[in-house]
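Since the structure comes first, as structure tokens, the remarks are kept for the end.
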Amino acid sequence: MADLLVEQPREITISKTFPTKPKLKPKAKTPSKTPESKYWSSFKSHQISNLISSIPSIDFSPISPHQFAATNSASLTLFSSQTLSPTSTISFSDVVTSCSFRCDGSLIAASDLSGLIRVFDVKTRTPLRRLKSHTRPVRFVKYPLLDKLHLVSGGDDSVVKYWDVAGESVVSDLYGHRDYARCGDCSPINGEIFVTGSYDHTVKLWDVRVDSKESVIEVNHGKPVEDVIFLPSGGMVATAGGNSLKIWDLIGGGKMVYSMESHNKTVTSICVGKVGKESGEEALQYRILSVALDGYMKVFDYAKMKVTHSMRFPAPLMSIGFSPDCMTRVIGSSNGIIFAGRRKGKEDVGESKSGNFWALGSVEEPQRRALRPTYFRYFHRSQGEKPNEGDHLIMRPKKVKLSEHDKLLKKFRHKEALVSVLSGKNPENVVAVMEEMVARRKLLKCVVNLDEEELGLLLGFLHKHSTMPRHSGLLMGLTKKVLEMRADDIRASDALKSHIRNLKRSVEEEIRIQHSLQEIQD
């Protein structure tokens, strides 16, 4: 009867526990993406590779659906911004260098290396005007944003011309550049003001109303200017040349506001893009997009003066364009490939789900039946509702998955936990278990109770990882204690002696490396 009253020993466990983790965990090298980086990465890449040669110019139509034009070799190709497929091609007798849509999107002007500028009807591709006055290749042509009757052009003859398109005549010849006039842009607030950039390192602001025909403001970029654009306010311009992008304040007399040197090679093209979010801190903010011969596209926030996103492409980049509706981004490369990106919007989602039913007429969406208590859906209503901002959420606790050594630590079986984690291949887990056992004051007791095979596992681990800087603070102290406490067992075993010899060699090698590093510092 007395034997029945003896209480059997029970195994003690912790009711709630967490997995052991190392205290010194290495940080990830790649930082997490910002909301703006996620926005620019949402443009799904699509390559258009059936073009012939380099693409020096890209321009978007200001009118929806915002088709874009790209110059390549002796042709001007128009693309749909929705499907990113070519819709029509206009052939030239020489290499096309630049193109520009009129503000109503009905006409497009293009220039070539022969010095000719031609104006076409976009829908019919009918040539309407031939503007011939440049004596050398024309490098840029631009329609003013607020003017349908005039054009601005510049070329290798260093002359900037202001054209009357209807009369096919030159209104003004503007002299001032001492080298090739390579780029230009028109003011968004006045159709008679424009800016040009040249290989003589200067950027000049022109006003055709000035009788002297001289530039109003001149700034020096410091390198041959590849591209220049007005910022949306009309009071500032951005210039690209060399590996730098610079912003100038025209209202302040041409004062340089900032210089961004993020590219490694020549910046070839810049444009203004817009973060098209509907809400949030980044909503409807303008950015400068730049591309260069190093293959990188950079997004520059000129309000905060910092680069907010960077993306690399497998070729030198020559031109860039961004659609006014913030849905399409197009980049032209030097090897004839267009890297187009389209962001999926609500219209695209609806079209992809419903398909194209234009030929069948309108198709009505099926209406859901009203909820009644006899329907199964009635009892599951509101389960898919998302919480509002002020709602209090009651989260369901997640089940913690424990590894074998964590289960043994939970049951206070310290020696078995140490042997179990030593048998694995993850040194981080071993160090984490050792740190936990140090906190419980059980590590040295476990070392004393290890048999010869288990002690060999421990010495092998110390040989491999005791000299690692991340763990040496704990493991070198443990190595010293193991040698002091188990000296007799190590002398009696050849296998353990072999581990000690290996451990000694690794420590001597680490000491030699540290001495060499100190000599370099001295």
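Spin-label pair K213-K504: with each label point 7 Å from Cα along the Cα-Cβ axis, the two points sit 9.4 nm from one another.
Hey, got a sec? Which trypsin sites (Lys or Arg not before Pro) in the stretch 115-149 land in a DSSP loop and have at most 16 other Cβ atoms within 10 Å? Listed in order of number, the matching sites are K123, R125, K148. The mean of 1/r over all distinct Cα pairs in the stretch 404-521, once inverted, gives the Kirkwood hydrodynamic radius of 15.0 Å.
Write down Rg/Rh for the stretch 35-342, rounded to two decimals, with Rg from the C-alpha atoms and Rh from the Kirkwood relation over Cα pairs.
0.93
Relative contact order, whole percent, for the chain stands at 11, derived from Cα pairs under 8 Å and 6 or more residues apart. Prolate is the label for the chain. Its Cα gyration tensor axes, ordered a ≥ b ≥ c, give a/c of at least 1.5 and a/b above b/c.
Across the stretch 219-233, computed HN-Hα scalar couplings (Karplus, 6.51 cos²θ - 1.76 cosθ + 1.60, θ = phi - 60°) run 10, 10, 6, x, 9, x, 7, 9, 7, 8, 9, 7, 7, x, 6 Hz from first to last residue, x flagging Gly and Pro.
Every helix of 4 or more DSSP H residues in the chain counts as -39500 (n - 2.57), and over all residues that averages to -7000 deg cm²/dmol at 222 nm. With only Lys, Arg, Asp and Glu charged, each at its Cβ (+1 for the first two, -1 for the last two), find how big the charge dipole of the chain is about the Cα centre; round to the nearest 20 debye. Result for the chain is approximately 2000 debye, rounded to the nearest 20. Placing pseudo-labels 7 Å out from each Cα toward the beta carbon at D489 and Q47 gives an inter-label distance of 6.1 nm.
Evaluating 6.51 cos²θ - 1.76 cosθ + 1.60 at θ = phi - 60° for every residue in the stretch 155-162, the Karplus couplings come out as x, 6, 7, 6, 9, 9, 10, 10 Hz, glycine and proline recorded as x.
Based on Cα contacts under 8 Å between residues 6+ apart, the stretch 404-521 shows a relative contact order of 21 percent. For the stretch 216-315, trypsin sites (Lys or Arg not before Pro) are listed when DSSP marks them as loop and at most 12 other Cβ atoms sit within 10 Å of their Cβ; the list is K304. The relative contact order of the stretch 35-342 comes to 15 percent, based on Cα pairs under 8 Å that sit 6 or more residues apart. Take each peptide in 403-413, 190-200, 37-47, count the other Cβ atoms within 10 Å of every residue, and average; sorted highest first, the result is 190-200, 403-413, 37-47.
Stokes-Einstein diffusion of the stretch 149-293 at 10 °C, 1.306 mPa s viscosity, Kirkwood radius from Cα pairs, rounded to a whole number: 101 µm²/s.
So how much accessible area does Y258 have, in Å² to the nearest 10, using a 1.4 Å probe? Near enough 80 Å² of accessible area.
Packing around the peptides 72-83, 389-400, taken as the average count of other Cβ atoms within 10 Å per residue, puts them in this order, highest first: 72-83, 389-400. Within the accessible area of the chain, what % is carbon and sulfur when the probe is 1.4 Å and the other protein chains stay in place? Answer for the chain: carbon and sulfur cover 52 percent of the accessible area.
The values are calculated or read from the model by the stated rules, or taken from the named source; none is laboratory data. Because the structure is a prediction, the values reported are computed rather than measured. Note: ideal-geometry Cβ built from the backbone for every residue, glycine included; neighbour counts use all protein chains shown. Remember, those area values only see protein heavy atoms, side chains included, never the ligands or the DNA or RNA. Shrake-Rupley method; radii C 1.70, N 1.55, O 1.52, S 1.80 Å.
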